[in-house]
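Reading through the structure tokens given below for one structure.
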Amino acid sequence: MDKTKNYHSVKKAMFNRKIATEYRGKTYKYAAGFPSTTAIDTKENYENGNFDQSTNFLAIEKVKSRRKYIKRKLNPMTNNFKIAGTEAYSLNLNKYFPDNKIDYYGFDICGNFTAKIAGWFFDNQHKFADGMRMPMTLKAVDRKQKLYDAVIKETNNKYLEKVKKMLKKTLWSGIGAFNLNEDMIKNISTQIFMVDCSMPSKRIEIKNVNIYRNDDKNNMADDMITLDVYVHDSETDVRKQNTFINILNNYNLTVGKHSQVILKTLQKETKKSISVKQENIKNVYDIARHFNIFGKYKSLDEMAPSARAHIKIKAKKYGFNPDLTVRRIQMKLDKYGLEAK
């Protein structure tokens, strides 16, 4: 018997509220989320103690006509808020939190974890505080999505077994991991896999997973997955980073020019400190010179994860071994420090 919970389409706003607003002993200082015109989740966060008047809250809403209603709802709760009129995948965290990292992100988009969003996470992981809480509500992956196929190419049975064990430990009451069919297990693992790989300098901890099946026969809305995610600082996992890039490369080969938005995210220079020169790449050290690494950094660890990823991308483009390129550049930095040329 399938024990996944059912929902009616009119209750979509209720999906993530329990895990998103439950007080866990911490009041967050720099928070972002998608309150919509009801702002019920945000209201409960203030009432439950997750937010207080010192919380810097950023409301995200792409539809201009809705922002006035969000402002009207938020005004009685706090004066310490701003509204960003943008999509989730184009949000500029540096603009709204120039000197701080966010420690709470209510990511209840009720949509797919797309390539655009994955690219945004990759480029913005340095703005996530250690221990950031991120309750997520995502649609079960549409099997027609080309990104799904690209992710599946990078998963394996060993990873799926790992996800099954995780689900057994974390699924809420009323849901059993072994009552889920293989397609749903693969679906959930795909979402988790992509979230995980999009943040190679972070370690994700998932405390709860919930699955909602649509029972409204008059509405063909998708199944929903909720994840209670915590994001922790970690050494950059090169394997995850390479896997993420491989996924995007597979995605690009699958759908051609329509995936260019994500590849542009990876290929552009994300840090102003890295100036772009006319390319003259003859060896691995030319790659370091191209990115102005020599004389600026004592170690590659000082660079943002997204900037370090570009070293491997550039190496692969010019036919060098990406991992060996990074090691050789690091060895030269270890030997000469800022004197490296």
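Using a 10 Å cut-off on Cβ atoms, rank the peptides 89-95, 112-118 from the highest mean neighbour count down. Don't jump to the answer; show the numbers that get you there.
Working: 89-95: 14.9, 112-118: 22.0.
Going from most to least packed, we get 112-118, 89-95.
By the count of neighbouring beta-carbon atoms within 10 Å, fewest first, Arg133, Arg24 end up ordered Arg24, Arg133. Here the Karplus relation 6.51 cos²θ - 1.76 cosθ + 1.60, evaluated at θ = phi - 60°, turns the backbone of region 242-248 into coupling constants of 5, 4, 4, 5, 4, 4, 5 Hz, with x for every Gly and Pro.
Give me the number: length gained by fully extending Glu47 to Asn283, i.e. 0.36 nm times residue separation minus the C-alpha to C-alpha distance, one decimal in nm. Each step should come with its number before you reach the end.
Working: separation 236, 0.36 × 236 = 84.96 nm, distance 5.87 nm.
Gain on stretching Glu47 to Asn283: 79.1 nm.
Ranked highest first by the average count of other Cβ atoms within 10 Å around their residues, in what order do 321-327, 198-204 fall? Show your work: numbers first, answer last.
Details: 321-327: 15.7, 198-204: 22.1.
So the peptides 321-327, 198-204, ranked by packing, come out 198-204, 321-327.
In nm, what is the difference between 0.36 nm times the number of residues separating Asn80 and Asp323 and their Cα-Cα distance? Fully extending the segment from Asn80 to Asp323 adds 83.0 nm. Summarising the label geometry, the points placed 7 Å from Cα in the beta-carbon direction at Ser90 and Lys341 lie 4.5 nm from one another. Database remark: amide H of Gly295 closer than 5 angstrom to the amide H of Ala340 (H placed geometrically; neighbours at sequence offset of 5 or more, or on other chains; Pro and chain starts carry no H).
Extending 7 Å from the Cα toward the beta-carbon at both Lys71 and Glu205 defines two label points whose distance is 3.9 nm. Counting beta carbons within 10 Å around each of Phe294, Phe128 and listing the fewest first gives the order Phe294, Phe128.
Region 42-71 and region 76-140 have Cα centres lying 13 Å from one another. Packing-based ranking of 65-73, 99-107 yields 99-107, 65-73, ordered from highest to lowest mean Cβ neighbour count within 10 Å.
Each reported figure results from applying straightforward, stated rules to the coordinates on display, with no laboratory input. Values in this document were obtained by computation on a predicted structure and should not be read as measured data. Positions of Cβ are backbone-derived with ideal geometry, glycine not excepted, and every protein chain shown enters the neighbour counts.
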